[in-house]
Amino acid sequence: MTSTLPLIVPPAGASEALLSALARRVCGGAPPKPFGSRGEALAAFERHAATGAPALVCDPQHFATALQYLGPERCLLCADPSAPTRALDCAAPSRAGAPPRRLLVQSPLLRLYAEERLRIPPARIELIPPSVEVPTPRADEPRTDIVVFRFAGEDRALVDSLGLARLGRIVEARHGAPDACAALRRAALAVVACSARDAAEGWRETLQAMACGAPLLAARTWAVEPLVVDEAEGLLFAPGDAAEAGRLAGRLADEPDFAARLAARAGAKVSTSLTHEHHALRLAAILAAPKDSARPLYHVIAAHSLAPSEAAQ
């Protein structure tokens, strides 16, 4: 008997919140689990090959295996902004024999690479936003700290040159650290200081800052720029431009009402369109689209299709 249930391969290190959202919106059962080894992946794809059902693979290290065992027409591949461009090479029609059923990319850089270098037809590529876990609402806390996310040695020099110490106590943070969210709740300013060479970085930290209501100052990288409307949801500066970053940091410190408006708009954007629940809904709609459709109609899902209680699950 042929199963119609897709195989869902979540990204390595996926949070419990994301796995639960996939279970509710996509799997209709137990949360999917990342593969623990290549052997586990091989066995799963071999078993799934006999079902005739598609697979949604969100871990780039398993793209090639999925294409080999299932064939391009059954593979929906999803790459987050941090995925190296070379991770998509196996999906090129010249290597796989045909384009994948759908290539879902979460960065304009990956879309450009897939179209221009790999020659994947644009109708098979979907640019979808990444998502973030929305923290449980709490009473307002005093916002006095400057939370800084660093990515490389040169970023330390950049941040040190901004003179942020004059604006408040500096707290260094790392995305995913247990105390990162707590620090962002107390932040008068969150600084995401990527360098020009970190074009694929900063998006997780940017989303986390937006979700926690921290006024945002971030480097304008390929991964960050699509998430933030400059001057409306945060302030962006050219990577490595200490003069511009310092000027913008001073502006946010000198205009607290303006900073609060940016943070409020950014937080509303996350809660109404960038939660893990919204991401899972998009994936479910794409999976349900006919195989030969020109484009899946996931965009018909309204930004406010989830009640606040659902989005916070």
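The values are calculated or read from the model by the stated rules, or taken from the named source; none is laboratory data. Since the model is a prediction, treat every value here as computed from it, not as a measurement. Glycine gets a Cβ as well: all are built from the backbone with ideal geometry, and neighbour counts include every protein chain shown.
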### Task
Quick one: in region 43-74, of everything that is without any contact (Cβ under 8 Å) to a residue 24 or more places away in the chain and over 15 Å from Ala92 (Cα atoms), which residue is surrounded by the most Cβ atoms within 10 Å (Cβ to Cβ)?
Ala49
### Message
Tally up the residues in region 258-306 that are part of a loop (DSSP other than H, G, I, E, B), modelled with pLDDT under 90 and either closer than 20 Å to Pro122 by Cβ or of a type in the set (A, V, I, L, M) (or both), please.
### Response
13
### Query
Restricted to region 214-269, and to residues that are closer than 18 Å to Gln106 by Cβ and among the basic types (Lys, Arg), which residue is surrounded by the fewest Cβ atoms within 10 Å (Cβ to Cβ)?
Arg220
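Quick grid of which residues meet (1) touching a strand residue (DSSP E or B) at 6+ places or on another chain (Cβ under 8 Å); (2) modelled with pLDDT of 95 or more; (3) part of a helix (DSSP H, G or I):
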position	(1), (2), (3)
Thr4	no, no, no
Ala12	no, no, no
Val26	yes, no, yes
Pro34	yes, no, no
Phe45	yes, yes, yes
Gly52	no, no, no
Leu77	yes, yes, no
Cys90	no, yes, yes
Arg95	no, yes, yes
### Task
Please name all residue pairs, on different chains or six or more residues apart, with Cβ atoms under 7 Å, provided the first residue is in region 231-246 and is assigned to a helix (DSSP H, G or I) and the second residue is crowded, with 17+ Cβ neighbours inside 10 Å and modelled with pLDDT of 90 or more.
Glu244/Phe237; Ala245/Leu217; Ala245/Phe237
### Message
Checking the condition at pLDDT 75 or above and not in a strand (DSSP E or B), which residue from Leu184, Leu189 passes?
### Response
Leu184
### When residues of region 155-213 are limited to those that are in contact with a Cys (Cβ under 8 Å, 6 or more places away or on another chain) and over 20 Å from Thr144 (Cα atoms), the one surrounded by the fewest Cβ atoms within 10 Å (Cβ to Cβ)
Asp155
### Where a residue in region 191-211 is closer than 19 Å to Pro135 by Cβ and touching a residue at least 24 places away in the same chain (Cβ under 8 Å) and its partner, wherever it lies, is assigned to a helix (DSSP H, G or I) and of a type in the set (Asp, Glu), with Cβ under 9 Å and at least six apart
Val192/Glu205
